[in-house]
1. Of D150, D130, which residue is among the acidic types (D, E) and touching a strand residue (DSSP E or B) at 6+ places or on another chain (Cβ under 6 Å)?
2. Could you tell me how many of the residues in segment 95-124 are buried (at least 17 other Cβ atoms within 10 Å of the Cβ), touching a residue at least 24 places away in the same chain (Cβ under 8 Å) and in contact with a Lys or Arg (Cβ under 8 Å, 6 or more places away or on another chain)?
3. Kindly indicate whether L26 is among the aliphatic types (A, V, I, L, M), in contact with a Lys or Arg (Cβ under 6 Å, 6 or more places away or on another chain) and within 24 Å of I136 (Cβ to Cβ).
4. Determine whether K33 is among the basic types (K, R), free of Cβ contacts under 8 Å to residues at least 40 places away in the same chain and either crowded, with 17+ Cβ neighbours inside 10 Å or assigned to a loop (DSSP other than H, G, I, E, B) (or both).
5. Which residue pairs have Cβ atoms closer than 9 Å, lie 6 or more positions apart in sequence or on different chains, and pair a first residue in segment 157-169 that is exposed (fewer than 10 other Cβ atoms within 10 Å of the Cβ) with a second residue that is in a loop (DSSP other than H, G, I, E, B) and not acidic (D, E)?
6. Just to be sure I understand, how many residues within segment 45-101 are assigned to a loop (DSSP other than H, G, I, E, B) and either touching a Phe, Trp or Tyr at 6+ places or on another chain (Cβ under 6 Å) or of a type outside the set (S, T, Y) (or both)?
7. Determine, yes or no, whether T142 is over 23 Å from L37 (Cα atoms), out of contact with any Pro (no Cβ under 6 Å at 6 or more places or on another chain), loosely packed, with under 15 Cβ neighbours inside 10 Å and among the hydroxyl-bearing types (S, T, Y).
8. Quick one: which of K122, K92, K109 is within 16 Å of L45 (Cβ to Cβ) and in contact with a strand residue (DSSP E or B) (Cβ under 7 Å, 6 or more places away or on another chain)?
Amino acid sequence: MKNSVKIVFVLLLSILLFSCKDEDLLLSKVPYKGNELRIDGYYYLQENEQTWVRFFYRNGVILTPYIGIPATDLAIVDNSIAEKYEQWKSNKMCWGVFSVAGSIIQCSKWGHSVGGGLTSYKYMGNIENDTTFCFIRAIYYTGRIEEFNDCYHFRQFSPKPDSTNNFIE
């Protein structure tokens, strides 16, 4: 009887450990060689007294914190970036990859899940010009689709945080 309990425990533990694996990103990392987007700063979305930022890098990486900065004054946002970067740098959910094909932008990153590893999803949208793009749809690893209209605007910013992270090679 004791051996049966041990076997069941080991099996349940194994299932739990395998189910905690983070999902792969839905896009591959590809260097960005275009000029459809400016990359000498960040893109921002202001919503509900918060500012959401996204940094794009030539190596195809995107830094996109999953928590907004609690300010709508862009000077305050600028000053907050350096202090918040250390938190972002070590959080897998802040990193992803992006691609641009003509006026279409796609980004893939990790997000929260229930009862397992991190899930992955892909945002898609339209580039209006080199300083504005709008995400219109998210497709989750499970196939679920979410529609919205989040328009981001460019702000020149220096020094831009580094794209080096431990999550995307």
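The values are calculated or read from the model by the stated rules, or taken from the named source; none is laboratory data. What you are looking at is a predicted structure, and each value in this text was computed from that prediction instead of being measured. Here the Cβ positions follow ideal geometry from the backbone for every residue, glycine too, while neighbour counts run over all protein chains shown.
1. D150
2. Counting residues in segment 95-124 that are buried (at least 17 other Cβ atoms within 10 Å of the Cβ), touching a residue at least 24 places away in the same chain (Cβ under 8 Å) and in contact with a Lys or Arg (Cβ under 8 Å, 6 or more places away or on another chain) gives 10.
3. yes
4. yes
5. Once the first residue is exposed (fewer than 10 other Cβ atoms within 10 Å of the Cβ) and sits in segment 157-169, its partners that are in a loop (DSSP other than H, G, I, E, B) and not acidic (D, E) give N166/S90; E169/K29.
6. 12
7. yes
8. K109
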